[in-house]
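Reading through the structure tokens given below for one structure.
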Amino acid sequence: MTQLSVTDIDYRPDSRPLFEAVADLPQAVWLDSGRPRSRFGRYDIIAAAPETLLTTRGLCTEVTTASGKHSARDNPFALVQAHLEPLHTSVAKDLPFCGGALGYFGYDLGRRLERLPSLAAADIDLPDMQIGIYNWALVQDHQQRHAWLLCLPDCAPTHRRDILQRVSKKDTKNVNNFFKIKNLKSNFDVSSYKEKLAKIDAYIHAGDCYQVNFAQRFSADFEGSPYAAYRRLRQVLPSPYSAFMDLGDQAVLCLSPERFIHLAGQQVETRPIKGTLPRGASAAADRANAQRLQASAKDRAENLMIVDLLRNDLGKSCLPGSVRVPELFRLESFPNVHHLVSTVTGTLSSDRSPLALLQHCFPGGSITGAPKLRAMQIIEELEPCRRSIYCGSIGYISANGNMDTNIAIRTLACDGDRIHCWGGGGIVADSEPDLEYAESLAKIQVLLDGLSA
């Protein structure tokens, strides 16, 4: 059984200095609770310099270690699970992460699970999956106001001392604060967006599907530091399932409010978001929007469709009869929008691994539609460009069996000198095109404004 080294470090209300202390190391990752500005998140997890890096493109996963590289064509989820098995530890069950897998599973990884047409342009060069196996992590618990450096046994003592020295320094590092975009443009104009919604409506009335999540993409040229952009955005849209990943000449910036799959022990939870209205300009208008959303039959039906889909997905890996819906249509308010959020829970079967659970739910139903496969086929037909990281999942799978992943919405991808950002929503039979277009903008306008500031 793997033993874990746990070292107390100074707690910081904002984890930004801790990340910046190690950000120059390769493959630096920050799973960010949004604290102190967000009131929902609890943990921050920071790591860098993974022992193993698994990078999937199409049918091939490149596995990189200190001893070299090799390629594999195995199921990517099974590959990650296989690299976690030797690290298994039963200690620190009360800690969310104690070494293990950190990274992302892109939306297009779904092509390894379902048969989909190849119609949309694959014009972003990010991998379909990028997962590091990390033997150390900095973890902050903002509820208990504690922080630790956690190291697995194969973390070299010199490396552990280097991390402790870095985080103990009181002076802050100089960081590049420059970021600028130009030539921001959507891949739809208003009329073409509405034309696609009309096609979705025809599919719904023909009985192909009940709901399709449809998105437009904004792209721009940029100069400067993606991390500078992330620091700016987390100030204006603090979110509990945020993340920053430095991939070299690429980066992922995520300000997600949505949890995908959480596993603690054998207890599983997913919290789909469906139903959105913008915040009001005044307190009275804001209350009215919140009340209108809670009373909306259309939004409640949209949410319920996805709850039923996720009940089915969890049922593939959970004990029969254990899947429950303890919360339905709960209102949660963020700086830019109000959301309806439901909670679905279950108990994981003893013969299912965390990665098997994730695979059987991937990609998340809240960002595909229902039924899932037909919705994904329609998305491929109607969205001109593949989604890449957008609507995939970012998170961790710990050596102690815990897992927490988000739905990668409110997410930006930096690829070379281009940055991309998506906004979308669930389309159902009674969707109104003007309102759907406005909703797709309301979700990400704060991000676009933050980038342009």
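If you go through the stretch 89-102 and keep only what is over 20 Å from L31 (Cα atoms) and surrounded by 13 or more Cβ atoms within 10 Å (Cβ to Cβ), you end up with T89, V91.
Restricting attention to the stretch 1-20, the residues being surrounded by 22 or more Cβ atoms within 10 Å (Cβ to Cβ) and over 20 Å from the mean Cα position of the chain (by Cα) number 1.
Of the helices (runs of 4 or more DSSP H) lying entirely inside the stretch 188-303, those containing at least 2 residues that are in contact (Cβ under 8 Å) with a residue 60 or more places away in the chain, of a type in the set (K, R) and farther than 30 Å from F19 by Cα are 190-205. Going by the conditions given, is I124 under 30 Å from S388 (Cβ atoms) and assigned to a strand (DSSP E or B)? Here the answer is no, as I124 does not meet what is asked.
Of all the criteria given as (1) in contact with a strand residue (DSSP E or B) (Cβ under 6 Å, 6 or more places away or on another chain); (2) surrounded by 24 or more Cβ atoms within 10 Å (Cβ to Cβ), the one not satisfied by P363 is (1).
Within the stretch 155-187, the set of residues being of a type outside the set (S, T, Y) and free of Cβ contacts under 8 Å to residues at least 24 places away in the same chain comprises A156, P157, R161, D162, Q165, K170, D171, N174.
Considering only the stretch 130-152, I want to know if a residue exists there that is part of a helix (DSSP H, G or I) and of a type outside the set (F, W, Y). There is no residue in the stretch 130-152 that is part of a helix (DSSP H, G or I) and of a type outside the set (F, W, Y). Filtering the stretch 283-306 to residues that are surrounded by 13 or more Cβ atoms within 10 Å (Cβ to Cβ) and either under 21 Å from R259 (Cβ atoms) or aliphatic (A, V, I, L, M) (or both) leaves A288, A290, L293, Q294, D299, R300, A301, E302, N303, L304, M305, I306. In summary, I46 fulfils each of the numbered conditions (1) surrounded by fewer than 16 Cβ atoms within 10 Å (Cβ to Cβ); (2) touching a Ser or Thr at 6+ places or on another chain (Cβ under 9 Å) with the single exception of condition (1).
Any residue at all in the stretch 57-68 that's closer than 20 Å to A399 by Cα and acidic (D, E)? No, the stretch 57-68 contains no residue that is closer than 20 Å to A399 by Cα and acidic (D, E).
Summed over the stretch 270-326, the residues that are farther than 30 Å from M403 by Cβ and of a type in the set (K, R) give a count of 4.
Among the residues of this structure, G395 does not count as one that is farther than 30 Å from G99 by Cα, of a type in the set (G, A, S) and buried (at least 24 other Cβ atoms within 10 Å of the Cβ). Only one entry in R115, R161 is surrounded by fewer than 19 Cβ atoms within 10 Å (Cβ to Cβ), in a loop (DSSP other than H, G, I, E, B) and over 21 Å from the mean Cα position of the chain (by Cα), namely R115.
So that you can scan it fast, the table gives a plain yes or no per residue for (1) of a type in the set (F, W, Y); (2) touching a helix residue (DSSP H, G or I) at 6+ places or on another chain (Cβ under 7 Å):
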position	(1), (2)
Y230	yes, no
S239	no, no
A243	no, no
L263	no, yes
E269	no, no
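Of the helices (runs of 4 or more DSSP H) lying entirely inside the stretch 347-453, those containing at least 3 residues that are modelled with pLDDT of 95 or more span 354-361, 372-382. When L319, L309, L328 are screened for being buried (at least 18 other Cβ atoms within 10 Å of the Cβ) and either in contact (Cβ under 8 Å) with a residue 40 or more places away in the chain or aliphatic (A, V, I, L, M) (or both), only L309 passes.
The values are calculated or read from the model by the stated rules, or taken from the named source; none is laboratory data. A quick note: this is a predicted structure, and the numbers were derived from the prediction, not measured. Neighbour counts are summed over all protein chains in view; Cβ atoms, including those assigned to glycine, are modelled from backbone coordinates with ideal geometry.
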